[in-house]
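This report concerns only the one structure given below.
The values are calculated or read from the model by the stated rules, or taken from the named source; none is laboratory data. Computed from a predicted structure; not experimentally measured. FYI the Cβ positions are ideal-geometry reconstructions off the backbone, even for glycines, and counts take in every protein chain you see. Accessible surface is based on the protein model in full, side chains and every heavy atom, while ligands, DNA and RNA are left aside. Shrake-Rupley method; radii C 1.70, N 1.55, O 1.52, S 1.80 Å.
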Protein chains: 2
Amino acid sequence: VNTVQLIRAKRDGGTLSPEQITALVDAYTAGAVPDYQMSAFLMAAFLRGLSDEEAAALTRAMLYSGEVLDLSDVRGTKVDKHSTGGVGDKVSLALAPIVAACGVPVPMISGRGLGHTGGTLDKLEAIPGFRTDLDIDTYRRQLAEIGVVMIGQTAEIAPADRKLYALRDVTATVEFIPFIAASIMSKKLAEGIDALVLDVKAGRGAFMREEADARRLAETLVGIGTEFGKPTVALLTAMDVPLGRGVGNWPETAEAIRMLHGDTDGAEDFAEVTLALAGEMLALGGAAGSAQEGRERAETAISDGSALDKMRQLVATQGGDVTVIDEPDTRPGSLPVAVLEAPAEAEGYVADLDALALGLAAVALGAGRATKEDVVDPVAGFRLLKKPGDSVLAGEPLVEVFAGDPARLDREAVLGAFRFAPEPPPQRPHILDRLTRDGWEGR
Amino acid sequence: VNTVQLIRAKRDGGTLSPEQITALVDAYTAGAVPDYQMSAFLMAAFLRGLSDEEAAALTRAMLYSGEVLDLSDVRGTKVDKHSTGGVGDKVSLALAPIVAACGVPVPMISGRGLGHTGGTLDKLEAIPGFRTDLDIDTYRRQLAEIGVVMIGQTAEIAPADRKLYALRDVTATVEFIPFIAASIMSKKLAEGIDALVLDVKAGRGAFMREEADARRLAETLVGIGTEFGKPTVALLTAMDVPLGRGVGNWPETAEAIRMLHGDTDGAEDFAEVTLALAGEMLALGGAAGSAQEGRERAETAISDGSALDKMRQLVATQGGDVTVIDEPDTRPGSLPVAVLEAPAEAEGYVADLDALALGLAAVALGAGRATKEDVVDPVAGFRLLKKPGDSVLAGEPLVEVFAGDPARLDREAVLGAFRFAPEPPPQRPHILDRLTRDGWEGR
C-alpha cells in the first residue's frame with residue numbers, strides 16, 4: 001500500500017476503492033502505517049468527505065480488523081440497541097432485561113462514559129460486584145443460557161476502531177459522520193447481532209447538537225446496517241433536557257431498576273423512549289408483529305414482573321448484588337447529601353433545563369471522566385425533582401444531590417442549568433422521528 | 001498549547017494568531033507535539049489555507065527554531081540566491097563565484113537533489129575532494145576571507161524545517177505554497193543574508209508546473225522577504241526544457257566551469273539566466289546601480305578571468321581538486337560512454353525536449369535519488385548536443401551519455417523526451433517576468 005498516494009488522492013477530493021481502504025486500515029492496524037500518516041488521511045477525509053461506499057468499506061475493514069462473533073448457535077434473532085449518548089440516558093439498563101424477558105436475545109457490548117454523556121458500563125458497575133469484563137466464551141454461554149449479557153469491549157473486537165478512536169480524539173477528527181458511523185457499526189456488527197435498533201439523539205446534550213446532523217448520522221448508520229444485511233431501525237430522540245430524573249451512574253441505575261418495578265418516578269420521557277425502543281427490538285427479533293405490538297409486550301413484561309426477574313438473573317449471573325435490584329435504596333450512597341431548592345425567581349414553572357450544563361455539573365461532582373484515567377464516583381449525581389413543565393415555587397426542593405465527596409458540588413452550575421417562567425413551556429415530543437431502510441416516517 | 005484546539009480551529013477554516021503558530025512549531029520542534037498531531041494540522045492547513053500573516057508567522061517560528069546567523073562582522077551586503085529547482089539548473093555553481101568576484105559576499109547554504117531536480121550539493125561534490133560539510137565557524141571565516149562559501153544545511157539551521165519537511169514528504173502535504181515558502185525562507189533568512197534573489201521556475205520540469213502557481217509562490221516568497229526587512233527580487237524563469245546542455249552532477253558542474261572559461265557551449269539559456277540573476281544580486285549588493293549594470297559587471301568578471309579565479313579559490317579552500325577547474329575534461333568519467341543519434345523522424349529541427357522526462361532518465365542513470373538513502377553517481381548524466389530550435393537530421397549525434405554504469409541507460413526514455421518537426425519551433429523567452437516588492441514588471 002502506497003500510503004502517500006492514498007492520502008494525496010483523498011486530499012485532492014478523490015474516491016478510494018474498497019480495496020484501497022481495506023489495505024490502509026489493515027496496514028494501520030498491523031502497525032505498518034504510522035499514526036502520522038493515518039492522521040493526515042483522517043483530516044483529508046474529514047475535510048474532503050467520504051462517499052457512502054467508502055464509509056461502508058471503512059466499516060468493513062474496521063469490523064474485520066478483529067474477531068467477528070458468530071452467535072448462530074444461540075437460538076433466536078439476536079438484537080442489540082446502540083445510543084449515540086446523552087445525559088441521563090440509562091435506557092439500556094432497563095431495555096435489555098425487558099427485551100430478553102420477551103424472548104429476544106440481547107448481546108450487548110457497551111462503552112464507558114467520556115465527557116458529559118454517561119456510559120452503560122459505568123452504570124452497570126454501580127451495582128456492587130457487577131462484572132463487565134467477561135471473556136467471549138462466557139459472553140456467548142451466558143447469552144445462550146439467560147438471553148442477555150452486557151459487557152465491555154474486548155481486545156478481540158474491532159482493534160482498528162480502538163486505535164483509530166484514540167487517534168481521532170487527539171487530532172480533531174472526531175465529529176465526522178462517516179467516522180462516527182464506522183466506529184459504531186464496526187463494533188456492533190462484530191458482536192454477532194442479527195438486527196440493530198439505534199437511538200440517535202439530537203440536541204444540546206447530545207453529540208449531534210443539530211437535528212439535521214443527527215438525521216444524517218442516522219441515515220448513514222441505517223445505510224451501513226442495511227448494506228451488511230442486518231435489519232436496522234433508528235429512532236431520532238430529543239436530548240435538550242436530561243432523560244428521566246436520574247443523572248449519574250447509580251442515580252440512573254436505580255431509576256432503571258425502579259422502572260422495572262413499575263415505578264417511573266413520573267419521568268414519562270424515559271419510559272416513552274425505553275418502550276419505543278423495546279417495541280422496535282421485539283418487532284425486529286420476531287417476538288411481535290409490529291413495533292406497537294412489541295411495545296405492548298414490553299409493558300406487560302414490566303407489569304407481570306418478568307423484566308425485573310430477568311434483571312435479577314442478569315445481575316446475579318454477572319456477579320452483582322441482587323439486593324439492590326429488589327431494594328435499590330439499600331445501596332450505600334443512595335441517600336441525598338444535599339437538596340437544592342428553587343431560587344427566588346422560580347414563581348411558576350420550570351421552563352427549561354440544559355442537559356449539557358447539568359451533565360458537566362455531574363462530571364464535576366465525580367460522575368464522569370475529564371480524562372480517560374479518571375476514576376468515577378459510582379454514586380455521584382442528581383435526582384431531578386422538577387423537570388421542564390413541572391410547576392415550582394421559590395424554596396421548593398428542586399434537585400437531590402448524591403456524592404461520595406459533597407465538596408465537589410457546584411451549586412451555581414446545577415441551578416444555572418434551570419430556567420423558570422410564569423407559564424409552562426410548550427410540550428416537546430421525546431421521539432422526533434423514526435428511520436427504517438424505507439426512509440423517515442416523517443413524524 | 002492546546003494542540004487539538006489549534007487543529008480544530010484550522011480544520012474549521014479559522015485563522016491562528018502568530019502566537020499560536022509559534023507555540024505549535026516550538027512545541028513540535030521540542031518533541032512536545034507528536035508527529036500525528038502535526039500531520040493533522042498540516043493537512044488541515046493544506047486544505048483550508050494559510051493567510052499571509054500565518055505564513056509569515058510559520059516562517060518566523062521555523063527560522064527561530066534554530067540558530068539565526070549574524071554575519072554583520074563580515075564586510076559588505078551579503079546576498080544569496082535560491083532556485084526552486086529544475087532540470088539542468090547548475091546556475092549556482094557559476095553564479096556564486098561571479099558575484100563574489102564582483103565584491104558582493106555570497107553565503108550559500110544548499111540542499112541535495114531529490115526526485116528529478118538536482119541539488120547544488122551533489123554538483124559541488126562531483127568536484128573530487130570538495131567538502132560541503134563545513135561547520136558554522138568555518139563558514140563564517142571563509143566568507144570573510146574569500147567572499148564566497150557553499151555548504152550544506154547544518155543541524156543548527158532551522159531544525160523545525162528539517163523535521164517538518166520530512167513529515168510533509170510522507171503525509172502528502174508538500175505541494176502547498178505557504179509551506180514551500182516558509183521552508184525556503186526560514187533556511188535562507190537563517191543564513192545571515194542581507195538580501196535575496198529568487199529563481200522561481202515554472203513548467204513541466206519545475207516543482208510548479210503552472211505559471212500561475214509559480215507566480216503565487218514568487219509573490220509569497222518576496223512578501224516574506226520584504227516582511228523580514230530583506231530586499232528580495234524574484235525572476236520567473238522557464239523550465240519546460242532543461243537549462244543548458246548538461247544534465248547530471250558532473251556534466252552540469254563541468255558546464256558551469258566552462259562558462260567561467262567563457263565557453264557557453266552554445267547554451268544561451270544558461271548564460272542568460274545566470275547573468276540576469278548575477279545582475280540582480282550585484283544591484284542588491286550595492287556593487288551596481290541597476291540589474292542591467294550588474295549584468296555587465298558579471299560579463300566582465302567572466303571575460304577578465306576573475307570569476308574563474310574566484311571559483312578556483314573557492315574549490316581550493318573547500319578541499320577540492322583545482323585541476324578540474326582549469327581542465328574539466330581531465331576528471332575521470334568526463335568521456336561519453338555512448339552517443340545517442342537522432343532517430344529517423346528527425347528531418348528538420350528539434351521541436352521540443354521534455355525536461356521532466358529527461359530528468360527522470362538522468363535519475364535512472366544514477367544522477368539522482370529515488371529515495372533519500374540512494375547514493376548518486378557523480379558522473380552520470382547527459383550532454384544535449386541538440387536542443388529545441390537546433391536543426392537536426394536522422395543519424396546525427398543528439399545526446400552524449402556519461403555514466404559509471406552504462407547498463408542503467410534507458411535509450412527509449414532519453415529519445416522519447418525529444419520531439420522533432422520540419423520547421424523550427426517558436427522561440428520562447430527564458431526569463432518570463434521579474435518581481436520586486438513593487439510588483440511584477442510584466443514582461
At R0 = 51 Å the Cβ-Cβ FRET efficiency linking residue A:293 and residue A:2, nearest 0.05, sits at 0.40
Length-normalised contact order of chain B, Cα under 8 Å, at least 6 apart, in percent, tallies to 19 percent
Relative contact order in percent for the stretch B:213-275 (Cα pairs under 8 Å, 6+ apart) equals 23 percent
In debye to the nearest 20, the charge dipole size for the protein assembly as shown, taken about the Cα centre with +1 at each Lys and Arg Cβ and -1 at each Asp and Glu Cβ, equals 220 debye
In terms of the charge dipole of the stretch A:27-123, which places +1 on Lys and Arg and -1 on Asp and Glu at the beta carbon, the residue among A:62, A:83, A:40 farthest towards the positive end is A:83
Checked the stretch B:289-443 against the a/c 1.5 cut and the a/b vs b/c comparison, axes a ≥ b ≥ c from its Cα gyration tensor; verdict oblate
So the FRET efficiency between residue A:338 and residue B:131, C-beta based with R0 = 56 Å and rounded to 0.05, is 0.15
One finds the C-alpha centres of the stretch A:333-403 and the stretch B:127-162 to be spaced, in Å, by 67 Å
Tilt, helix B:52-63 to longest principal axis of chain B (alpha-carbon atoms), in degrees rounded to tens, equals 80 degrees
Output field shielding_mean for A:158-170 (other chain Cβ, 10 Å radius) holds 1
Carbon/sulfur accessible area of the protein assembly as shown, % of total, 1.4 Å probe, equals 48 percent
Computed on Cα atoms, the radius of gyration and Dmax of the stretch A:197-338 in angstrom are 16.9, 51
HN-Hα couplings for the stretch B:20-25 via Karplus (6.51, -1.76, 1.60; θ = phi - 60°), in whole Hz with x for Gly/Pro, come out as 5, 5, 4, 4, 5, 5
With only helices counted (DSSP H, runs n ≥ 4, each -39500 (n - 2.57)), the per-residue ellipticity at 222 nm for the protein assembly as shown, to the nearest 500, works out to -13000 deg cm²/dmol
Note, the stretch B:216-221: 3J(HN,Hα) by Karplus (6.51, -1.76, 1.60, θ = phi - 60°), whole Hz, Gly/Pro = x, goes 5, 4, 4, 5, 5, 5
With +1 on the Cβ of every Lys and Arg and -1 on the Cβ of every Asp and Glu, the dipole magnitude of the stretch A:209-282 about its Cα centre, in debye rounded to the nearest 20, is 220 debye
Expected integer from the mean partner chain Cβ neighbour count at 10 Å over B:44-54 is 2
Note, the stretch A:230-245: 3J(HN,Hα) by Karplus (6.51, -1.76, 1.60, θ = phi - 60°), whole Hz, Gly/Pro = x, goes 10, x, 9, 10, 10, 9, 8, 10, 7, 9, 8, 10, x, 7, x, 10
Measuring from its Cα centre, the stretch A:85-133 shows a charge dipole (+1 at each Lys and Arg Cβ, -1 at each Asp and Glu Cβ) which, in debye to the nearest 20, is 40 debye
Reduced to Cα centres, the span from the stretch B:206-270 to the stretch A:40-112 in Å works out to 58 Å
Mean per-residue count of partner chain Cβ within 10 Å for A:31-42 equals 6
Beyond 30 Å (Cα-Cα) in this structure, taken from B:10/B:90; B:230/B:387; B:90/B:187, we find B:10/B:90; B:230/B:387
By the C-alpha gyration tensor axes a ≥ b ≥ c (rounded if a/c is under 1.5, else prolate when a/b exceeds b/c, else oblate), the shape of chain A is prolate
Row for the stretch B:237-316, column shape: gyration tensor on C-alpha, a ≥ b ≥ c, rounded if a/c < 1.5 i.e. under 1.5, prolate if a/b over b/c, else oblate; value oblate
Which residues qualify? For residue A:434, with a placed amide H closer than 5 Å and at least 5 residues away or on another chain, they are A:236, A:441, A:442, A:443
Taking R0 as 56 Å and r as the Cβ-Cβ distance between residue B:32 and residue B:436, the FRET efficiency 1/(1 + (r/R0)^6), rounded to the nearest 0.05, comes to 0.90
Full extension between residue B:48 and residue B:212 adds, at 0.36 nm per residue less the Cα distance, a length in nm of 57.1 nm
In the protein assembly as shown, taking the dipole from +1 charges on Lys and Arg beta carbons and -1 charges on Asp and Glu beta carbons about the Cα centre, the listed residue (B:343, B:102, A:344) farthest towards the positive end is B:102
Among A:378, B:207, B:92, the residue whose Cα sits farthest towards the positive end of the charge dipole of the protein assembly as shown (+1 at Cβ of Lys and Arg, -1 at Cβ of Asp and Glu, taken about the Cα centre) is A:378
Between residue B:243 and residues 5 or more places away or on another chain, the pairs with built amide H atoms under 5 Å apart involve B:87, B:88, B:89
Non-local residues with an amide H under 5 Å from the amide H of residue B:158, with H modelled 1.01 Å from N and Pro and chain starts lacking one, are B:66, B:67
Expressed as a whole-number percentage, the relative contact order of the stretch A:11-163 with C-alpha contacts under 8 angstrom and at least six residues apart is 26 percent
Expressed per residue, the solvent accessible area of the stretch A:381-443 in Å² (1.4 Å probe) is about 57 Å²
Of all trypsin sites (Lys or Arg not before Pro) in the stretch A:387-425, the ones in DSSP coil with at most 11 other Cβ atoms within 10 Å are none
Log entry, pair B-A: total buried accessible area, probe 1.4 Å, protein chains only, in Å² rounded to 100, is 1800 Å²
Output row, site residue B:300, 7 Å Cα→C-beta label point, backbone N cut-off 18 Å, window the stretch B:258-278, residues B:262, B:275-278
Sorting B:183, B:290 on solvent-accessible surface, 1.4 Å probe, most exposed first, gives B:290, B:183
Rounded to the nearest 10 degrees, the helix A:249-260 long axis (Cα) sits at an angle to the longest Cα principal axis of chain A of 80 degrees
Relative to chain B, whose Cα atoms define the longest principal axis, helix B:35-48 and its Cα axis are tilted in degrees, nearest 10, by 80 degrees
